[in-house]
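Note sheet for the following structure.
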Amino acid sequence: MKLVAIVGTNADFSYNRKLLEYMKWHFRNAAEIELLEVKQLPPFNEDLPYSEQTEVWRFNNKVNTADGVIIATPEYDHSIPAALKSGLEWLSYKHTTMKEKPVMIVGVSYGTQGTSRAQQQLRQMLLSPDLNSDVLPGSEVLIGNAAKTFDKNGFVTDINVVHNLEDSFAAFNKFVRSNMRYLEEGDDNMTEPHISSEAKVQFRTGSLKVKEIQQIFNTLPFEIDFIDDTDHFAYYSDKPNREHVRYPNEIGETVEECHPPKALPGVRAILDAFKLGTKDHVERCLPLNGHKVWINYFAVRDENGRYLGTMEFTGNVGHLVNLVKDGKFDGFPDATSGASKHDDDGEATGPAASADAEADATTGASEHDEEKEDKTE
Ligand SMILES: Cc1cc2nc3c(=O)[nH]c(=O)nc-3n(C[C@H](O)[C@H](O)[C@H](O)COP(=O)(O)O)c2cc1C
């Protein structure tokens, strides 16, 4: 379970940040908790061009890919701090990031009421149509006397507070997991029939089982992403060691939500050209994750030419480039031996090879982390 914890203040020293750091440590076996800072965001302003707000995009993206959100709010004049309000505005403006997102509210303040009035307001805001979150009901973490709550190492000193946190977090854990199950299994009342993986799909040129289609896409040496005709991210192939790492909870996002602002104009131009029919294909070559990556966007159309969506076809072509350099396409002296030689050159299989592959995969992942910005294409 992956959670983000929003520090609801822009102050450098904050008891609420301490509280989240404590929760991150105390609940480390139950969840991976990443702290997010509203102080990194510009004050919300509708006139600021969203396309230039990389920090806002990053913040939105982190929240979006999390299974749940914890918000720690201080109390300023019986309300939440302006910096937190501003952060929530960024999360709701042009985005549905918080929609149906499980949220747990906690807070610590100097006063004895432990942010109760700020929390009440926050709860109300989170239920507004543009935030529309699923706020954990029934549990409250209201910590007063902030200055006495933590020792010098950041541990909570009052056992009652620890028990309150544990009970509330256990309720939140269950709440988030049931939400995750719902997202994975879908709503039983959905009108769309559930198709068995054994079901066959009949094409003009043959038939395939659903599981065969899935595995063919996953086995292709190129990864596939599909944006549907309403500009929503509809599908990605689950190829091992993808160049662009995707997550299941990104499915259904709009093009705006799943691309960093600086990449958006380029992507938008491609989709518009495909829809108008002025282009059918756009190709790009770029270094990514230490690989020579070839990216192709194709307009996918039905038999009558009507636009169905855009397929992004991406792969590392370093091996092909080397084959060309080595003259492998210039004619084999012996076609048969060429073929068998190629077999020998093929990827090894077996336990030892899979350990190697795992090592490669790890390297690939960490390299990708350094190039997160390039998620764009
Ligand atoms: C502008 C301002 C207004 C405050 N109003 C309240 C208040 O209404 N109730 C309260 O209990 N504490 C109030 N406080 C004190 C905060 O609880 C205290 O500063 C707390 O440490 C803030 O949380 P933080 O340490 O996470 O920033 C206020 C503090 C500031 C700076």
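Coordinate-derived values only; no laboratory data. Because the structure is predicted, anything quoted here is derived from the model rather than measured. Positions of Cβ are generated from backbone atoms using ideal geometry, with glycine treated the same way; all protein chains shown enter the neighbour counts.
Descriptive notes on the structure:
- Extents of the chain, largest first, come to 85, 50, 41 Å (Cα atoms, principal axes, whole angstrom).
- Listed residues Asp130, Asp326, Asp151, most fluctuating in the chain (Gaussian network, C-alpha, under 10 Å): Asp326
- Local electrostatic count, Glu223, Cβ distance below 10 Å [Lys/Arg +1, Asp/Glu -1]: -1
- Listed cross-link partners Lys101/Lys262; Lys62/Lys262; Lys2/Lys85 are compared with a 20 Å cut-off, the Cα-Cα value being larger for Lys101/Lys262; Lys2/Lys85.
- Charged-residue dipole, Cβ positions (Lys, Arg, Asp, Glu), the range 205-260 about Cα centre, Debye nearest 20: 480
- Each Lys or Arg adds one and each Asp or Glu subtracts one; over the other residues with Cβ under 15 Å from the Cβ of Asn145, this totals -1.
- Here the dipole of the chain is about 820 debye; that uses its Cα centre as origin and unit charges on the Cβ of Lys and Arg (positive) and Asp and Glu (negative).
- Karplus-based coupling profile of the range 68-77, in residue order and whole Hz: x, 10, 10, 10, 9, 10, x, 10, 10, 6, with θ = phi - 60° in 6.51 cos²θ - 1.76 cosθ + 1.60 and x standing for Gly or Pro.
- Secondary structure note: in the chain, about 60% of the DSSP beta bridges are antiparallel.
- Surface/4 estimate of mean projected area, convex hull on alpha-carbon atoms of the range 2-185, nm²: 10.3
- For the range 188-287, applying the loop criterion from DSSP together with a ceiling of 13 other beta carbons within 10 Å to the GluC sites (Glu not before Pro) yields Glu198.
- When you restrict to C-alpha pairs under 8 Å that are six or more residues apart and normalise by the size of the chain, the relative contact order lands at 12 percent.
- Summing charges over neighbours of Arg117, with a neighbour being any other residue whose Cβ is under 12 Å away from its Cβ, gives -1 when K and R count +1 and D and E count -1.
- Highest-fluctuation residue, Asn64, Asn296, Asn304 considered, GNM on the chain with Cα pairs under 10 Å: Asn304
- Cα lying deepest toward the dipole's positive end in the chain, options Phe298, Ala72, Thr314, charges on Cβ: Ala72
- Less than 5 angstrom separates the built amide H of Lys292 from those of Val317, Gly318, all sequence-distant by 5 or more or on a different chain.
- Tail weight of P(r) past 12 Å, computed on alpha-carbon pairs of the range 101-159, percent: 69
- Among Ala170, Ala66, Ala299, residue whose mean-square fluctuation peaks in a GNM of the chain (springs only between Cα atoms under 10 Å): Ala170
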